[in-house]
Amino acid sequence: MSLALDAPAPVGFAERIWRINWGLVLVLTAIAGVGVLALYSAAGGRFEPWASRHAVRYGAAFVLMLTVALIHPKVWLALAWPIYIVSMLLLVAVDVIGKIGMGAQRWLVIGPMQIQPSEIAKVAVILVLARYYHGLSKEQASRFLYTLPALLVILAPVALVMVQPDLGTAMMVLMGGGALLFVAGVRLWMFLVAGVSAVACLPIAWSLMHDYQKKRVLTFLDPDRDPLGAGYHITQSKIAIGSGGLFGKGFLKGTQSSLNFLPEKQTDFIFTTFVEEWGMVGAFGLLVLFALVLIWGFSIAFRCQHHFGRLLALGVTALMFLYVFINAAMVMGLLPVVGVPLPLVSNGGTAMVSVMFACGLLIGVSVYRDAQLPWTR
Amino acid sequence: MKPFRKGDGERSGLFTRRALLLGGVQGVLLGALAGRLYQLQVLETQRFATLAEENRINLRLLPPSRGLIFDRTGQPLAVNRNNFRAMATSDRGRGADVLVERLDQIFSLGEAEKTRLLRELRRSRNAQPVVVRENLGWEEVARIEFNAPDLPGVFIDLGQSRDYPEGELMSHIVGYTGRVSDEDLAGRDDPVLQLATIRFGKKGVERSLEDDLRGRAGAVQVEVNAVGRVVRELDRTEGQPGSNALLTIDLDLQRFAAEKMKEHQSGSVVVLDVITGDVLVMASTPGFDPSTFARGITQAEWRDLLDNPERPLHNKAIAGVYPPGSTYKMVTALAALESKAIDPWTRLPCLGSLELGNIKFHCWLKGGHGSTNVVEAIASSCDCFFYEAARRAGVDRISDMAARLGFGKQSELGLPGESAGNQPTRAWKQEKVGKAWQHGDTFNLGIGQGYMTCTPLQLAIMTARIANGGYEVQPNLLLAKATPREELGPPAPVTKPTAPSLRLNPQHLAMIRDGMNQVVNAGIGTANQLRRDANGKVLDPSLAFAGKTGTAQVKRITERERDMGITQASLPWHLRHHALFVCFGPVDNPRYACAVIVEHGQAGGTTAGPIGRDMLVETMKRDPSRRSDRYRKMASR
């Protein structure tokens, strides 16, 4: 009963269950429901092969999320670094022995499971950064010297996923980590310097990119360059979304996706599949659901009484936003095509598990918002 | 341990400010997404809706079924049979390498096939499918269907392929079809030719009637997915099948001719209706098996066919050129008579040879024929008479008469590969040989030797024009054509030639015919033995016929060789003379003409003659006036 000694008033198990943000859980389930609907339609009106597995996966991840939410943050504080290190090792493993899939090494096969370590790395980075800044005072956080380890924590996975190469994950880790650094109090001039140097490094990055990546960037800049080649995906996706109109073509009546004009319609382009059939009304509805998740995230962060929780909640929220924004902007032709799924809607096990894990952490912050955490480094 | 450290308030304050800023940025960006959605789904939705329609609707051509070919009695010569074939489409050639490798595992295609397939997949326009393999068995179809998930864009298609039930017998006339070549496309913009499955006539009637047989393509509007797989049919316009064709050939007679030719290595038989020009028989031996072309001929098979000295690919009836030999004497006689170089009573002497300068021109009969008139000269085939007749008429008049009788130019038959033969003239020799025309050349021309060459068909045309009273009848292979098979029937019988008259003196023609009659039916005739049938029985008068023998020199036997006892029979096969025979019948009311060539058959009367006799007798026996029941039966078929 060491916990009882630290806490001003002990919180019972029933109280903790009560503190779970059931509204948020409902919204997440609604989003996953949209995913089932869209995957059912993407398979031509069949539960196989995606929709049924998506539902089952959500069920399992749902249990995981609640379990994670009920684990005391001090456990996460202690496990942050081990999780980070394991995820880095997995990233190295995927680079070394990973299976070739979609022109990039992203999967790791362990027994019957295919896991995507880059999805785990996104959460691990947030966890470690929250842990790191939890131990720093405001002055320390603003110092350049203390920023260096944080930069290393971010750039190590970025480098590893760039090798795969997975531009989308690299962008997400970079921006998600950046957001965390920003709220943790890193000086603004450092962001300025980073931004300027990033622009300066563009030519070097360009020369390191694979041909298909260069092509994607070029076609993003001008999709009509090659409407039947690399610009094909963007063009077809825009046609699908645009032809959906205000109210959509109706459930199971999307011509673009049911006729396979859409590439990767069950994963990265699931938003397109959904929007073609449900129109702008459906798209706005889905975006509102995601916005609700973000608002909940912010409010949880603001209400948390410990810095670790604040940072963790905000990091998860930032990740969630990045997922949604990058994916949606990509299928609408606002960003180059990079492999970022739409959380809880796209077909894919690892992404679902890591997103639900992150949501578990977020809800955990809410459940243990008044926990007293040791100020350790 | 203190739960809250001093300074957490500061951290929290900064956190809140910056988090709010971040939240603001996120809000703006989400707003941008909403704006983009509005732009795409409200402002530009019309344009995208149109694009989406175009994406999924695809117009596909339906190959028409190719017209069938029958003989004049309605027996099938070329038919279509169901053909299961594996087709492949690829998304603008993407993934073609992998696909071809997988197909190779199933069919063991071989390098050449793989290359062809890869090229066609990459070239295919509008995702039109290309043919992987034809004439699949059930097992192969099953293997494709079983492996379907690994073979995107591959499907089984039920098409039609050409089948030739008579095979070699009709190979030269019917010909065969093959893939459309670039030359075939020249001048034809029929979209159906873009289809991978369509076949184009390459030889024979398949070629000459190509534009009739092909038919018109139908079209089907289908909804397709991105790899071109048809999801559902939206609209369909049926095409028009190709016209069916009734050929003038009588299959039974053709088979009879092939039987007769069997004992000889190589040769040709043509039988014409002298009134209508219908080609009843056009045999050329040996032939080839057209099904080897239908299934795709191999290099080795092709080489074999090309290298064979008997030239099986050649339709010798129209593409084989031979000196006409003595069968040309009717031309010389007519030219001399028409030009009044001789008259019906002119008698010319024959002493066995004729000297021109220091060259000796021999008659085939060593002792000579003595004095003969034109009728006797034809009957006994006296060379000396025709040397002199040719000298008197001159090369110009002979060439002119030969041209009127059909020599030196292609007929209007229309089959590909027909040769014009060579009817020499003064101008021709000056141009091609570079020397002036000599008297000796005229002598040689007079008996159908020297520069003169012709095809068996031309010999039959000449005989027909003499037999029908001087009408410029043209050979004709197509009896009737009609799109629904029910409408296909033979035209009404024709008894008078419709072709223009050659304006020859009927009396002169009658003399030529009399000469030919005497060849067979008079004691002096060179083929007098042919008045009896193969069993030695004299032919029924209603079947009596007239003819003319010919022997075309391949190698000249010199005076010295003759002295050394070298005879035709002792020469190797390819140096022996060609045996020729032309004939018509019935002798008093001619209806059919026949020309026979036995390559290297040595003597016209003994080798070619019996074939001509049997051919003509069989044809006359089957004349509709004798066997009208047969045709009535056919019409109701």
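Please work out which residue is surrounded by the most Cβ atoms within 10 Å (Cβ to Cβ), limiting yourself to region B:244-259 and to residues that are of a type in the set (Gly, Ala, Ser) and farther than 21 Å from B:ARG162 by Cβ.
We begin by selecting, within region B:244-259, every residue of a type in the set (Gly, Ala, Ser); these are B:245, B:257-258.
Keeping just the survivors that are farther than 21 Å from B:ARG162 by Cβ gives B:257-258.
Numbers: B:ALA257: 30, B:ALA258: 20.
Checking each candidate, the answer is B:ALA257.
With the requirement that a residue be part of a strand (DSSP E or B) and of a type outside the set (Val, Ile, Thr), what does region B:139-171 give you?
If the condition is that a residue be part of a strand (DSSP E or B) and of a type outside the set (Val, Ile, Thr), then B:PHE155, B:ASP157, B:LEU158, B:GLY159, B:GLN160, B:SER161, B:ARG162, B:ASP163 are the ones that fit.
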* To do: Determine whether region B:324-344 contains at least one residue that is assigned to a loop (DSSP other than H, G, I, E, B), at pLDDT below 90 and not hydrophobic (A, V, I, L, M, F, W, C).
  => no
* What is the number of the single condition among (1) under 26 Å from A:TRP18 (Cβ atoms); (2) crowded, with 24+ Cβ neighbours inside 10 Å that A:PHE357 does not meet? -> (2)
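Do we have any residue at all in region B:578-588 that's touching a Phe, Trp or Tyr at 6+ places or on another chain (Cβ under 6 Å), at pLDDT below 90 and not aromatic (Phe, Trp, Tyr)?
Within region B:578-588, one or more residues are touching a Phe, Trp or Tyr at 6+ places or on another chain (Cβ under 6 Å), at pLDDT below 90 and not aromatic (Phe, Trp, Tyr).
For region A:286-303, name all the residues that are among the small types (Gly, Ala, Ser) and touching a residue at least 24 places away in the same chain (Cβ under 8 Å).
First pass over region A:286-303, keeping only residues among the small types (Gly, Ala, Ser): A:291, A:297, A:299, A:301.
Answer for region A:286-303, where residues must be among the small types (Gly, Ala, Ser) and touching a residue at least 24 places away in the same chain (Cβ under 8 Å): A:GLY297, A:ALA301.
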* Which residues, counting only those in region B:403-419, are part of a helix (DSSP H, G or I) and under 24 Å from B:SER208 (Cβ atoms)? -> B:ALA403
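Quick test for you: out of B:LEU77, B:LEU59, pick the one residue that is away from chain A (no Cβ under 14 Å) and at pLDDT 85 or above. Break it down into steps so the answer makes sense when it comes.
Values: B:LEU59 fails: at pLDDT 85 or above.
Result of the check over B:LEU77, B:LEU59: B:LEU77.
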* Structure fact -> Of the listed residues (A:VAL161, A:VAL125, A:VAL186), the one being more than 14 Å from chain B (Cβ to nearest Cβ), crowded, with 22+ Cβ neighbours inside 10 Å, outside any strand (DSSP E or B) and modelled with pLDDT under 90 is A:VAL161
* Asked: Going by the structure shown, is B:GLY167 on the phi > 0 side of the Ramachandran plot and buried (at least 17 other Cβ atoms within 10 Å of the Cβ)?
  -> no
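Only one of A:LEU286, A:LEU311, A:LEU292 is surrounded by fewer than 24 Cβ atoms within 10 Å (Cβ to Cβ) and within 11 Å of chain B (Cβ to nearest Cβ). Can you tell me which?
Details: A:LEU311 fails: surrounded by fewer than 24 Cβ atoms within 10 Å (Cβ to Cβ); A:LEU292 fails: within 11 Å of chain B (Cβ to nearest Cβ).
Of the residues listed, the single one that is surrounded by fewer than 24 Cβ atoms within 10 Å (Cβ to Cβ) and within 11 Å of chain B (Cβ to nearest Cβ) is A:LEU286.
Being touching a residue at least 24 places away in the same chain (Cβ under 8 Å) and in a strand (DSSP E or B), is that true of even one residue in region B:376-391?
So in region B:376-391, the residues touching a residue at least 24 places away in the same chain (Cβ under 8 Å) come out as B:376-391.
Still in the running and in a strand (DSSP E or B): none.
No - not one qualifying residue is present in region B:376-391.
For region A:128-144, what are the residues that are at pLDDT below 90 and not small (Gly, Ala, Ser)? Spell out how you get there, then give the answer.
Taking region A:128-144 as the starting set, the residues that turn out to be at pLDDT below 90 are A:135-144.
Matches in region A:128-144: A:LEU136, A:LYS138, A:GLU139, A:GLN140, A:ARG143, A:PHE144.
Picking from B:LEU21, B:LEU40, B:LEU33, which residue would you name as being more than 7 Å from chain A (Cβ to nearest Cβ), modelled with pLDDT of 90 or more and outside any loop (DSSP other than H, G, I, E, B)? Quick ask: steps written out before the conclusion?
Details: B:LEU40 fails: more than 7 Å from chain A (Cβ to nearest Cβ); B:LEU33 fails: more than 7 Å from chain A (Cβ to nearest Cβ).
Among B:LEU21, B:LEU40, B:LEU33, only B:LEU21 is more than 7 Å from chain A (Cβ to nearest Cβ), modelled with pLDDT of 90 or more and outside any loop (DSSP other than H, G, I, E, B).
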* **helices (runs of 4 or more DSSP H) (entirely within region B:266-319) containing at least 1 residues that are of a type in the set (Lys, Arg) and surrounded by 21 or more Cβ atoms within 10 Å (Cβ to Cβ)** => B:316-319
* To do: Identify the residue in region A:14-48 that is among the polar types (S, T, N, Q) and touching a residue at least 60 places away in the same chain (Cβ under 8 Å) and, among all such residues, is nearest to A:GLY282 (Cα to Cα).
  => A:SER41
* Asked: Given the structure, is A:VAL193 of a type in the set (A, V, I, L, M) and either surrounded by 11 or more Cβ atoms within 10 Å (Cβ to Cβ) or not in a helix (DSSP H, G or I) (or both)?
  -> yes
* The one condition in (1) in contact (Cβ under 8 Å) with a residue 12 or more places away in the chain; (2) within 30 Å of A:ASP211 (Cβ to Cβ) that A:VAL123 fails to fulfil -> (2)
* Asked: Here is a list of conditions, (1) buried (at least 24 other Cβ atoms within 10 Å of the Cβ); (2) more than 8 Å from chain B (Cβ to nearest Cβ); (3) in contact with a helix residue (DSSP H, G or I) (Cβ under 6 Å, 6 or more places away or on another chain), and A:PHE321 meets all of them except one; can you say which number that is?
  -> (2)
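The values are calculated or read from the model by the stated rules, or taken from the named source; none is laboratory data. Everything numeric in this text was worked out from a predicted model, so none of it was measured. Quick reminder, even Gly has a Cβ in these numbers, built from the backbone with ideal geometry, and neighbours come from all protein chains shown.
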